[in-house]
There are 2 protein chains.
Amino acid sequence: MDSRPIGVFDSGVGGLTIVRGLIELMPDEQILYYGDTARYPYGPRSRDEVRRFALDIASWLVEQDVKMLVAACNSAASAGLDHVREAFPDLPVVEVVEPAVRAAIRVTRNRRIGVIGTELTVASGAYQKVVDATRENVTLVSQACPRFVEFVERGETAGPEVIEVARGYLAPLQSQDVDTLILGCTHYPLLQGVLHFVMRDAVLISSAEETAQDVYAQLTRRDLFRIADQPPVHRFVSSGDAATFQALGARFLGPEITAVEERTLGPVA
Amino acid sequence: MDSRPIGVFDSGVGGLTIVRGLIELMPDEQILYYGDTARYPYGPRSRDEVRRFALDIASWLVEQDVKMLVAACNSAASAGLDHVREAFPDLPVVEVVEPAVRAAIRVTRNRRIGVIGTELTVASGAYQKVVDATRENVTLVSQACPRFVEFVERGETAGPEVIEVARGYLAPLQSQDVDTLILGCTHYPLLQGVLHFVMRDAVLISSAEETAQDVYAQLTRRDLFRIADQPPVHRFVSSGDAATFQALGARFLGPEITAVEERTLGPVA
């Protein structure tokens, strides 16, 4: 057993959907979340910059004595986390792309998998690279859905407008006959209702759920679960404005979001 | 649009996993939850009794002016809800068995589906009946997991003991080569970590998620979403002790569980 917190980081609040998944599966675990909102989004940054940000944040989380690191950030996963793993060889590191790809390959019947994400995640080819690395004979069809994040952030996850937009984005995937759809952005679990409504026949793969199950499996194998009489106390840290983080974060996590601390780890450029 | 609450009922607190699913997909909706904890569990009751309970509770929820009814209770679904639908022909009624079966049939590749539940749900054959009604050529393998509820209710969802127990329950399903596993009890979403750890190759179907997606689709088709400036206020009503409901309910729903009212709708026998 190990009562230290699990460190989770993201470029913003989206990674809180991963926290939601962790709390559901492992209600006794303590979470320390770092949202780098001052430098959000990571998408337009260079690969080197994103790698440096990830290492800065990981180093700080390690100083805070986390027992595991969850990179709840598609951009960080796309840029690679090998340098973080090299810097902290004993720290288990879980990210969001690989668990989702593994789950999709397990689920698909016709070997045609769709992935939706921001324009930058899609352009990075991160999902395709992981699919290639599995050497499985599956076809990945990618679709950028640039407007989804704004809908989620203003809380509009139902109604005719978001359905219309979803129909537009998903039509190419439907015509490509994908039977499994990866939600390749941490914001999208909040759109599962509309996505399922529009693509009724596809199986949705939420990286939040799959990542949480990966964390559960790693804690089990390494015997790292927290066992304590006290309920967990989570901690939320933001590099940008704490009040904004808290207000937006409540959409993603619900009332479990508590006081948010502000902390800058590097130059905000 | 329709700003009235969604009525959800269960024999106890387990249905709160459905509420969790509803809040995640439809954060603006208001929930009125009735947990018939004084008569929990419904399993040992006769079919006629359970049907009467369901009608009593549905009638009270209709008096409270709900716009939709979610029977978050495997026993109530097993006993049938046709009399509730007849009594309130204009009220949309969603239950938990059919959405899960539909999802499992959509997902399975080898047409071999497992379902786990309490001894009474398994003995009722409710899942088999729904599978038969679909006329799909799939095999359903059922397995009762009597000890899972106690593990969930004492919050032991990780660790060697629950994994050992899960291995025992799931071994027959694994040897029957099921590739899809329905969690046929509202308590089981809290065990997704251990279930996935033990049955890594199977796809888990949570009736909580599938039911929430059904509710979303019905609200969309009927244009019944709540649109309001005020955040939703949920209401939790229990026929048994409110403090017990609240303490246990927090495991299922987290801090969204607020004050619990006590209210008896019929003789507690």
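The values are calculated or read from the model by the stated rules, or taken from the named source; none is laboratory data. Because the structure is predicted, anything quoted here is derived from the model rather than measured. Glycine also receives a Cβ, built like all others from the backbone with ideal geometry; neighbour counts cover every protein chain displayed.
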query: Of the residues that make up segment B:49-57, is at least one of a type in the set (Phe, Trp, Tyr) and touching a helix residue (DSSP H, G or I) at 6+ places or on another chain (Cβ under 8 Å)?
result: yes
- prompt: Restricted to segment B:66-90, and to residues that are more than 25 Å from B:VAL138 (Cβ to Cβ) and out of contact with any Gly (no Cβ under 9 Å at 6 or more places or on another chain), which residue is surrounded by the fewest Cβ atoms within 10 Å (Cβ to Cβ)?
  reply: B:ASP90
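What residue, among those in segment A:104-127 that are in a helix (DSSP H, G or I) and under 25 Å from B:LEU204 (Cα atoms), is farthest from the other protein chains (Cβ to nearest Cβ)? Quick ask: steps written out before the conclusion?
The initial filter retains those residues of segment A:104-127 that are in a helix (DSSP H, G or I), namely A:104-107, A:119-124, A:126-127.
Keeping just the survivors that are under 25 Å from B:LEU204 (Cα atoms) gives A:104-107, A:127.
Working: A:ALA104: 11, A:ILE105: 11, A:ARG106: 7, A:VAL107: 5, A:TYR127: 19 Å.
This residue is A:TYR127.
So which residues in segment B:91-103 are in a strand (DSSP E or B) and either surrounded by fewer than 16 Cβ atoms within 10 Å (Cβ to Cβ) or touching a Cys at 6+ places or on another chain (Cβ under 9 Å) (or both), if there are any at all?
Residues of segment B:91-103 in a strand (DSSP E or B): B:93-95.
Listed by number, the list holds a single entry, B:GLU95.
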message: Out of the residues in segment A:206-247 meeting the condition of being in contact with a Ser or Thr (Cβ under 6 Å, 6 or more places away or on another chain) and not polar (S, T, N, Q), tell me which one is surrounded by the most Cβ atoms within 10 Å (Cβ to Cβ).
response: A:ALA208
field: Options A:ASP214, A:ASP201: the member that is within 15 Å of A:GLY114 (Cβ to Cβ) and of a type in the set (D, E, K, R)
entry: A:ASP201
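Residue under question is B:PHE245, and the condition is that it be assigned by TED's automatic domain parsing to the domain that holds B:LEU25 and either aliphatic (A, V, I, L, M) or not in a helix (DSSP H, G or I) (or both); does it hold? Lay out the reasoning, then the answer.
Working: assigned by TED's automatic domain parsing to the domain that holds B:LEU25: yes; either aliphatic (A, V, I, L, M) or not in a helix (DSSP H, G or I) (or both): no.
The answer is no for B:PHE245.
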- line: Of those in segment A:189-211 that are aliphatic (A, V, I, L, M) and under 12 Å from B:MET26 (Cβ atoms), the residue modelled with the lowest pLDDT is A:LEU190
statement: Picking from B:VAL215, B:VAL178, B:VAL203, the residue that is out of contact with any Phe, Trp or Tyr (no Cβ under 8 Å at 6 or more places or on another chain), in the same structural domain as B:VAL70 (by TED's automatic domain parsing) and of a type in the set (Val, Ile, Thr) would be B:VAL215
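Do the conditions hold for B:SER175, that is, is it buried (at least 24 other Cβ atoms within 10 Å of the Cβ), among the hydroxyl-bearing types (Ser, Thr, Tyr) and closer than 21 Å to A:VAL107 by Cα?
Values: buried (at least 24 other Cβ atoms within 10 Å of the Cβ): no; among the hydroxyl-bearing types (Ser, Thr, Tyr): yes; closer than 21 Å to A:VAL107 by Cα: yes.
Answer is no for this residue.
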message: For segment A:149-179, give me the residue count where each residue is facing chain B (nearest Cβ under 9 Å) and either farther than 20 Å from A:LEU253 by Cβ or small (Gly, Ala, Ser) (or both).
response: 6
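When you check B:TYR42 against the structure, is it closer than 18 Å to B:HIS234 by Cβ, away from every other protein chain (no Cβ under 14 Å) and under 14 Å from the mean Cα position of the chain (by Cα), yes or no? Steps first, please.
Working: closer than 18 Å to B:HIS234 by Cβ: no; away from every other protein chain (no Cβ under 14 Å): yes; under 14 Å from the mean Cα position of the chain (by Cα): yes.
Here the answer is no, as B:TYR42 does not meet what is asked.
Report whether or not B:PRO99 is of a type outside the set (Val, Ile, Thr) and within 13 Å of chain A (Cβ to nearest Cβ). Step through it out loud before you land on a result.
Working: of a type outside the set (Val, Ile, Thr): yes; within 13 Å of chain A (Cβ to nearest Cβ): yes.
In short, yes.
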